[in-house]
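I have placed the structure first, in the form of structure tokens, so that the comments after it can refer back to it.
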Amino acid sequence: MKKLLAIQLGLLITLCSLAQNKPAYVLYNAEGKKVSYKKMIRVLAQNDIVMIGESHNNPISHWMELEITKDCKEKRNLVLGAEMFEQDNQAALDLYLQGKISAKGLDSMARLWKNYPTDYAPLVNFAKENKIAFAATNIPRRYASLVSKAGFEALDTIPVNAKAWIAPLPIAYDSTLPGYRNMVTMMAGHGTPNMIKAQASKDATMAHFILKYFVAGSLFIHYNGSYHSENHDGIVWYLKQAKPELNIATVTTVSQKDIKHLLKENEGKADYIICVDEDMTNTY
């Protein structure tokens, strides 16, 4: 019996050792130096706003969003917000947070992303359980689509009440921002200037509602696709235009074949970079 227990213990130690030598992710700072999770949380909690840029189908991204939120809650009062909720769904989201409708009711009333049950419901439910405000920050997609087809001018034609769901008009726009220039390159001639403006309409609207729901003395954590906040661009640019005094920290997720060293091309994308093994299973 003792011999069997010794063998089992030895096997367990071996498996734990292998797991430690094959991590799913490594955490880096902007300079590409490895950093501890504990230190990251300590620094993030000292800011006014934290932007968490996710890879939408990456399970490590979603797990880290929830863990970062839980651990920051231990240090600060929080306000949460997300790209994944459009502003015209704020009323439905509020009703769910207040316990006035069920999860099924929220699904009926709001346009939820297909991966909501696995990837965003845990964040919303954490807010509900802890009575934390949760802002639906994104522009309704039909209005972003209008911009993509006809430019910012198309927003002048929408109903007055609908303008309450987007950034105040006229929307500031700088086509020379690195993120927008890179989009032109990535589209390789297949896109139009209005497609970049549609992206800007999302960035501007998310920044607007982050600031609307921001509470002085609390930490606002925002969840968005990584491209909306990488390189302190996109949403962060709009936030800084409106409130340059705010302390804003960013987190992003990247995938690499070898996560032991951060690639040069991924340095500087955020203050903290979650480098995930590219073989990680996707959520969809």
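The values are calculated or read from the model by the stated rules, or taken from the named source; none is laboratory data. Given the structure is predicted, the values throughout are model-derived calculations rather than measurements. Backbone-built Cβ (ideal geometry, glycine too); neighbour counts: all protein chains shown. When the accessible area is computed, the model is the full protein with side chains, heavy atoms only, and any ligands, DNA or RNA have been set aside. Shrake-Rupley method; radii C 1.70, N 1.55, O 1.52, S 1.80 Å.
Below are the figures for this structure:
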read-out	value
Links that overshoot a 18 Å alpha carbon limit, given the list Lys38/Lys269; Lys34/Lys260; Lys100/Lys212	Lys38/Lys269; Lys100/Lys212
Point-to-point label distance, Thr283-Lys39, nm (Cα→Cβ direction, 7 Å offset)	2.9 nm
Dimensionless Rg ratio for the chain, taking C-alpha atoms and the 2.2 N^0.38 Å reference	1.10
Positive minus negative residues near Leu66 (Lys, Arg vs Asp, Glu; Cβ under 13 Å)	-4
Full-extension gain in nm, Arg141 to Glu245, via 0.36 nm per residue minus C-alpha separation	34.4 nm
222 nm mean residue ellipticity, helices alone, for the chain (DSSP H n ≥ 4; -39,500 (n - 2.57); rounded to 500)	-12500 deg cm²/dmol
Solvent-accessible area per residue for the stretch 90-225 (1.4 angstrom probe, square angstrom)	48 Å²
Helix 193-213 vs. the chain, principal-axis angle (Cα, 0 to 90°, nearest 10)	80 degrees
Considering only the chain, percent of DSSP beta bridges that pair antiparallel, nearest 5	20 percent
Helix 121-130 axis, angle to the chain major axis (alpha carbon atoms, nearest 10°)	90 degrees
Violating pairs (Cα-Cα greater than 31 angstrom) within the set Lys39/Lys104; Lys70/Lys257; Lys39/Lys163; Lys73/Lys264	Lys39/Lys104; Lys39/Lys163; Lys73/Lys264
Filtered GluC sites (Glu not before Pro), the stretch 230-269: DSSP coil and at most 12 other beta carbons within 10 Å	Glu245
Rounded percent of accessible protein surface that carbon and sulfur make up, the chain, 1.4 Å probe	56 percent
Additional length obtainable on full extension of the chain from Trp113 to Thr157, 0.36 nm per residue less Cα span	13.1 nm
Degrees, to the nearest 10: 141-150 long Cα axis against longest axis of the chain	60 degrees
